[in-house]
1. Among strands (runs of 3 or more DSSP E) lying entirely in segment B:271-360, which contain 2 or more residues that are in contact with a helix residue (DSSP H, G or I) (Cβ under 6 Å, 6 or more places away or on another chain), farther than 21 Å from residue B:72 by Cβ and within 14 Å of another protein chain (Cβ to nearest Cβ)?
2. For residue B:518, work out the one condition from (1) in contact with a helix residue (DSSP H, G or I) (Cβ under 7 Å, 6 or more places away or on another chain); (2) within 14 Å of another protein chain (Cβ to nearest Cβ); (3) over 18 Å from residue B:426 (Cα atoms) it doesn't fulfil.
3. Keeping to segment B:506-515, report how many residues are away from chain A (no Cβ under 14 Å) and touching a helix residue (DSSP H, G or I) at 6+ places or on another chain (Cβ under 7 Å).
4. Residues to consider are B:296, B:261; find the one that is out of contact with any strand residue (DSSP E or B) (no Cβ under 8 Å at 6 or more places or on another chain), at pLDDT below 95 and farther than 24 Å from residue A:217 by Cα.
5. Mind listing whichever residues of segment B:139-157 are crowded, with 22+ Cβ neighbours inside 10 Å and part of a strand (DSSP E or B)?
6. Is it the case, given these coordinates, that residue B:525 is buried (at least 21 other Cβ atoms within 10 Å of the Cβ), assigned to a helix (DSSP H, G or I) and either under 26 Å from the mean Cα position of the chain (by Cα) or more than 14 Å from chain A (Cβ to nearest Cβ) (or both)?
7. Hey, among the residues in segment B:223-234 that are buried (at least 17 other Cβ atoms within 10 Å of the Cβ) and in contact (Cβ under 8 Å) with a residue 24 or more places away in the chain, which one's nearest to the other protein chains (Cβ to nearest Cβ)?
8. Can you name the residue in segment A:247-287 that is under 18 Å from the mean Cα position of the chain (by Cα) and over 15 Å from residue A:232 (Cβ atoms) and is also surrounded by the fewest Cβ atoms within 10 Å (Cβ to Cβ) among such residues?
């Protein structure tokens, strides 16, 4: 072979290596778990969800069981795939060995060797993609059965390509199941605020911007069963999610949804038919969804049971025939491989290095008696509640205060005698430099403020500080 | 040796050159400091003040014109649609069966608002560029008559009264309403409106006329603004009521629902007094509809949803059976369809508190909004066929009219007026200007605060440097070309900088506008001419005696007693012609407690009469207040010797700029 030929071959090989073929139109990415494999002892929540042998595969039309292409080759278990906005890459949670932590991997949608994109201590799970290929995930991966009781709850992180991850959430409970809405916000699941850490959790949906600011209740706070999982924005704008009476829905979960036009008033079943055993829901097109549903006990099917993939129209009255069904595997998570519109980006107002943010409450008296002071407290790393200090309330009920960042904050309103009027458990947090405002304590959902100038906005803010060693109030006057 | 000789020759030359440069710079500095009255001023380019020519500014240059549809009206037999095209001075006639333009007629003056008489034989055309109403014969589209009205008439309504036919014309530039008789064509009365009377509708029984005023006014600086709906008796022009739409502005559309006794008014609900810490949940503004009922009650309801917004509502029409209403959202490229029966049911069961709070409840609209119909760019005016089966949508920036079958809410086709001007960067920039997609959830567009590039008359609290800073008055974009720097603190050297990443962080809460679109946006803004505030008939005419007296006052260098006015305190020093700004930061004694600095960018005065309120925080409601309520120690020009008459003269002159 001449040197010129060698160079040409080399160049061709280099180009081929860098030029990733795309998956055929209509392809799906699917998580398959082996039927009947028990989780290993002392496993994490992902080991329960994706037992050893679980894999992520590419399904190419016409979706035959002998034509699946494994995307998670070389890993002992994998699951929870998510496709990049250009349809060329698949991100998923995977485990390289029995002892290794779960991490997020990336692989070309048409195949290849998966590469880890996270190296989080304690592992990473639930990948989602925001604008500009920013990866959002939860870390660490809690132990099995401890997702909502772990002393080290999973937090959400954001990671731009080639950069270090940034922590987005600081709530007292795990923040998991993230998905990115078309408006650019991150929708995720966590437990609603509560006083007693041992009280039963009620899981609900919250949003944050992709810089971790403006944590806001989205849906399910006051209704439905206690456990929700895996929210997804559908093509018609509804938010679908899995509901269950247990932490891991397994064969007993079903699909519900809310309308984004009024998330707190529209919770209902997603399908017009019985969907018990629903394992996942993903948007397919504007009107159709992909869902994986347990089929055990169905007419004409074996009682052994396994989950199959269905394509369901929004107005369907019956689930119809499976799109893909492999009796040897549970098909539990299917998502289309296609280019979609990237969600909106967000220009961050976070100022890295700033030690405080600002909170403006327009009216702490909203739905309460007139308050004289606002007491602010934070949850220390130990889970103990520490009072930061008190702030005077303006005559119109408004309060403006500088507060520490990166800790769950709670608020009490007090009357002139110091008696407690209202208590808001520690839940919200501030990012460095964040300016945050609320209508009032227990503010009505999805309500705009009145067009009134808050008196507190015309005063200098009070300033409260926090260190984890704080044992007594350390309020400083403005 | 040779080198030495070169050095010996060159050295004195270099030293002389350096000396000349230093001396020249010193002279320039002395000149600048003397002329500006600013001893602290650093070096400023000579071009900053000299060689400024209005004739070289973008808005003085010729630009492409487009067949943009303005007002549209359909004939009583439902067969013909008339379309005003203000940018090309034409009115078009289209056949609604074939969806083709059958005739076009020249109508000078920027035809914008249209109305037909009861028989469909006469077409009345409001021409805002020439302050007139033209009467066209629909048989040949020839102009039969014309009459002068107030400044910038934007709409016209026809009605029959017991004493004869009437035309009602809102004059948006002079804040009044002309009431005309038709035979003969004569102005009977000109009634004071609110601020910018913009759209007009006749009640179902023909006894009342409702005029929507586009802009809000407020009593005091920190009090909530309100826009007015002026209710007139069309027979004599008497004002029957002035309904106030609280915290509403951009009220551009109005229509009756005769079967329900309602008047519907599209609006933007602003929350300008609340610090802009966020935009979600309609924190800055949201869109709505005001329902004025026969009993006098006005209820504002939201058009937006909890997580999606449909900005800049404009045209609104209701079906003849009163079952549906349609609202064009110019910023969202959508027509919203409302089920009025559901809305009526909600109004009936809602108590007073629920009705009062409705506009702030972003999760309410799903109870009565039944569809959102996608449209082309910037839908503004709407028309319904007499049987209510066809909806016509003027897609203003696409030069088309969309036709929708209202039985299934599907598009039937489009009436094409022009090519859309995709190669015109000014037009492309206007598309960026009107589109809300650049803000979080599409909550607002540039136009939401700058209707037609002008002001909304409001002051806002941006949280760029912390919560609770002083409010900042919204400044007009008309005539800003050549007046850089921008922003009240003068920190933005270009429009691209002004509307770039920082703007995205502070207000849009999304990714910044991409550079190519940002350039187009700046191009569009630079081509916005100053707002004309004098009547068309006065353009190019000599100043009136009062205006001339005011001009002399503006350029005065000494008091009547001969005492010189210090250079730094002469009007012309800071407001230097021809832009009437020196483009420098100035202190005129208006620093508020929360202001970071007392120095603010000197605003240009071109079109100043249309940009109230004034000063950096909008504290002065009128030009008069600048030198009465808010003048301090003659810091804003030496005005202490002025009489009331002299102040009036000065204001008259300023309104001619």
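1. Hits in segment B:271-360: B:298-302.
2. (3)
3. The initial filter retains those residues of segment B:506-515 that are away from chain A (no Cβ under 14 Å), namely B:515.
Then keep just the ones that are touching a helix residue (DSSP H, G or I) at 6+ places or on another chain (Cβ under 7 Å); that gives none.
So the answer is 0.
4. Numbers: B:296 fails: out of contact with any strand residue (DSSP E or B) (no Cβ under 8 Å at 6 or more places or on another chain).
B:261 is the lone residue from the list that is out of contact with any strand residue (DSSP E or B) (no Cβ under 8 Å at 6 or more places or on another chain), at pLDDT below 95 and farther than 24 Å from residue A:217 by Cα.
5. Across segment B:139-157, the qualifying residues are B:153, B:157.
6. Values: buried (at least 21 other Cβ atoms within 10 Å of the Cβ): yes; assigned to a helix (DSSP H, G or I): yes; either under 26 Å from the mean Cα position of the chain (by Cα) or more than 14 Å from chain A (Cβ to nearest Cβ) (or both): yes.
Considered against the rule, which asks whether it is buried (at least 21 other Cβ atoms within 10 Å of the Cβ), assigned to a helix (DSSP H, G or I) and either under 26 Å from the mean Cα position of the chain (by Cα) or more than 14 Å from chain A (Cβ to nearest Cβ) (or both), residue B:525 comes out as yes.
7. Just the residues of segment B:223-234 that are buried (at least 17 other Cβ atoms within 10 Å of the Cβ), to begin with: B:224-232, B:234.
Cutting the leftovers down to in contact (Cβ under 8 Å) with a residue 24 or more places away in the chain gives us B:224-225, B:227-230, B:232, B:234.
Numbers: B:224: 5, B:225: 8, B:227: 13, B:228: 17, B:229: 18, B:230: 22, B:232: 28, B:234: 33 Å.
Restricting to residues being buried (at least 17 other Cβ atoms within 10 Å of the Cβ) and in contact (Cβ under 8 Å) with a residue 24 or more places away in the chain, the top hit is B:224.
8. Filtering first and then ranking leaves A:248.
The values are calculated or read from the model by the stated rules, or taken from the named source; none is laboratory data. This one's a predicted model, so the numbers in the text were calculated from it and none came from an experiment. Virtual Cβ from ideal backbone geometry, glycine too; neighbours counted across all protein chains shown.
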